[in-house]
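Enquirer: Sharing a structure here in C-alpha cells format.
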Amino acid sequence: MVKSMLGNLTNFQATERVTEVYSGLRRMAPATRGDIRNYVKVYLGVDIPERRICEGHNSPMEYLWHSYFTDPSTWFDDAHHRSLRAGFAEKRAGNGDAIVWANRGGGKTELAAIATLLDCIFKPRCQVRILSGSGEQAGRMYEYLTSFLRNGFEEFLAGPIRKSKCRFANGSAVEVLTQSQRSVRGQHIQKLRCDEVELFDEEVFAAAKFTTQSTGGLLAAMEMISTMHRPYGLMQKIVSSAEELCTPVFKWCLWEVIEKCTERNCSQCPLWVDCEGKAKRSEGYLKIDDCITAMRRASRAGWEAEMLCKRPSRENVVFDEFEPGEHIRGVDYDPNLPLYRTIDFGFVNPFVCLWVQEKDGVVLVIDEYVRSRATIDVHAEEIKSRTPAGEGSVAATFCDPAGLSRNDVTGTSVVRELRTLGIATRFRRSGILEGIELIRRSLKAGDGKKRLLISPRCQRLIEAMECYRYPEGSRAGELPLKDGLYDHPIDALRYFFVNYKHSGKTTSRRY
C-alpha cells in the first residue's frame, strides 16, 4: 500500500513523505495493547516481551498496558474499549495503583520510564514524579526517559531537559524526588513511580501515599516497583496487602525476559534444573550466558530471590525450616481431639490468640485471632465466639506470664480480667530461645519429620513464620528482633509449646 502511494513520487519526495508519515504516527496516541507494543518497538527501539512463561506470572507488556490504559483520557467510545473499561473497573479500587515484582535485570526501571514517556506525551497536564530507594536508582529511570526524549521526541518538550525535571508543551511534567519526607510532602500529582521500594525509608513511603490525586481524565496512581530481597522488607508487606487493597501485582521473573533458547543442549545446560525448557518459549532480551554467569556467582537463596522471584532470601530469618508447601495444610477442628488456646497480649501491638490441637504428635494450628487497639472485654467476647463447641471444649488456655503484671491504670492484671470474663489462663515461665527451639523441632525434627501444620486461615501467623528475623548484623545466638509485628504471633505459638509438654509445671492463678 505504501509502495503504491509513493510510486509516482521522486526519491526525494518519497523520502519526505515517509518522514512526514513517520513523524505523524509518532504523535498518534496508541489505542490498543498491540499499538503500544508496536509504538515502543518502532520509536524507542524496545521490544517488550509479551508472553507469560511461569504459572501465576505476567508478561512485562501487561504492566505497561495497565499503566497506560488506567486513565479515562486514553479510552475511546467503541465496543472494544467499553469492554476493556468494564473489565478494568472490576479489578481496581478507584485508582490506578500497581505493584511490579520482577527480577534483577528484568527491565522494570526501563519499562517505568517508557510508561512515564507515554503518560507525558499522550495525557495532557499529567504530573509524574519519580521516587527511588536511592538517588542513583532514581537517576537511572530519569536517564532512560531523557535518552528516549533526545531520540526524536524533542518536539513534545517545553524547554530544555533539566538535571532532575523536564516539562512538556501539553502541560505535563516529570520530576525526580529525593528520598526524604520534605521532598515528598506537599506534592499533589497524578502519577508517582516508586522504584526499588525495598530500599525505601518506611516513613518516607508512608508520606508518599498521600501525594497522588485524580484530575479530569487522569486517575491517581502509585506504582511500587522492586525485586523482593528480604522476607521482612517493605516489598513483602506491600505484596501481602495487595489483595486486601485490590491492587494488581504484575510479577515476572528470569523466564519472562530471557532470550529464546534455540541451539543449546538442555541436558548440559547449567540452567536446566530451573529452566526445564522454559527458555525455549521465551522471547526476551537477557543473554543466556549472562544468566549462567550470574547463577554461578550467586548463592542459591540469592538466585531464587533475585532472579526467579520465588521467595526472598532467608539468610536472616529465624525459621528457615518453614516451607509453606509442606507446613500449610487445610486443618480443621476435630471434636475428638483436645482443643487448646494460646494468647499473647497487646494493645498498640497486636493481641493474638491461636487455636491449637495435637494429633499423633503433630501440632495443628487451626485458627487465629489478631487485633490491635481493643480492650480485653472485646477480645474475650471474640475469642469465646470463635471457639468451636464453646468454652467446655477447651482443655487449656496458655498465655504470656507478663499478663500477671498489675496495670497502673486499671489496678488489675490482664490475666485476672480474662478470668472475670470467663477465660481461665495458665502459663509457665520460659526463655525465648527455649520456645524457638521447640518450634524449630516441630518444623523439622532430627529424624527429618515435620510435626507442625498451619491452616491457611492463619495468615498472620504464616507471614510471621516467614518474616520473624534476627537484627541486621546479628551474631549467632542473639535474640530475634522484637519488631512489634511478627514477634507477637510467634510468641503466642511458643507459649503453646512451652506449656503443652509441661502441663504439670504450668501455673494457674486464682483471685
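The values are calculated or read from the model by the stated rules, or taken from the named source; none is laboratory data. All of these numbers come straight from a predicted model, not from anything done at the bench. Here the Cβ positions follow ideal geometry from the backbone for every residue, glycine too, while neighbour counts run over all protein chains shown.
Enquirer: Report, by residue number, each residue of the range 436-459 that is small (Gly, Ala, Ser), surrounded by 16 or more Cβ atoms within 10 Å (Cβ to Cβ) and under 17 Å from Asp320 (Cβ atoms).
Expert: The one that is small (Gly, Ala, Ser), surrounded by 16 or more Cβ atoms within 10 Å (Cβ to Cβ) and under 17 Å from Asp320 (Cβ atoms): Ser442.
Enquirer: Could I ask something else about it? From (1) more than 26 Å from Arg311 (Cα to Cα); (2) surrounded by fewer than 24 Cβ atoms within 10 Å (Cβ to Cβ); (3) modelled with pLDDT of 95 or more, pick out the condition that doesn't hold for Thr178.
Expert: It is condition (3) that Thr178 fails.
Enquirer: In addition: Show me the strands (runs of 3 or more DSSP E) found entirely inside the range 152-260 where at least 2 residues are within 21 Å of Tyr142 (Cα to Cα).
Expert: Fully inside the range 152-260 and qualifying: 165-167, 173-177, 191-195, 221-226.
Enquirer: Within the range 368-388, is there a residue that is within 13 Å of Phe496 (Cα to Cα), surrounded by fewer than 19 Cβ atoms within 10 Å (Cβ to Cβ) and among the acidic types (Asp, Glu)?
Expert: no
Enquirer: Of the numbered conditions (1) within 24 Å of Leu117 (Cα to Cα); (2) at pLDDT below 95, Lys251 satisfies every one except a single condition; which is it?
Expert: (2)
Enquirer: What tally of residues in the range 460-480 results from selecting those that are more than 18 Å from Phe322 (Cα to Cα) and at pLDDT 85 or above?
Expert: 2
Enquirer: Under the condition of being over 24 Å from Met295 (Cβ atoms) and in contact with a Pro (Cβ under 9 Å, 6 or more places away or on another chain), which residue from the range 213-249 is surrounded by the most Cβ atoms within 10 Å (Cβ to Cβ)?
Expert: Leu218
Enquirer: Would you check if Ala445 is of a type in the set (Gly, Ala, Ser), on the phi < 0 side of the Ramachandran plot and part of a helix (DSSP H, G or I)?
Expert: Taking the combined requirement at face value, the residue does not satisfy it.
Enquirer: Show the residue pairs that are 6+ apart or on different chains and have beta-carbon atoms under 7 Å apart, the first residue being within the range 299-327 and free of Cβ contacts under 8 Å to residues at least 24 places away in the same chain, the second being assigned to a loop (DSSP other than H, G, I, E, B).
Expert: If the second residue must be assigned to a loop (DSSP other than H, G, I, E, B), the pairs left are Ala301/Ser313; Ala301/Arg314; Ala301/Glu315; Gly302/Ser313; Glu304/Lys310; Glu304/Arg311; Asp320/Arg314.
Enquirer: Could you please find all residues in the range 294-348 being assigned to a loop (DSSP other than H, G, I, E, B), surrounded by 15 or more Cβ atoms within 10 Å (Cβ to Cβ) and of a type in the set (Phe, Trp, Tyr)?
Expert: Scanning the range 294-348 gives Phe319, Phe322, Tyr333, Phe345.
Enquirer: Which one is farthest from Lys108 (Cα to Cα), of the residues in the range 262-305 that are among the hydroxyl-bearing types (Ser, Thr, Tyr) and modelled with pLDDT of 90 or more?
Expert: Here the answer is Thr262.
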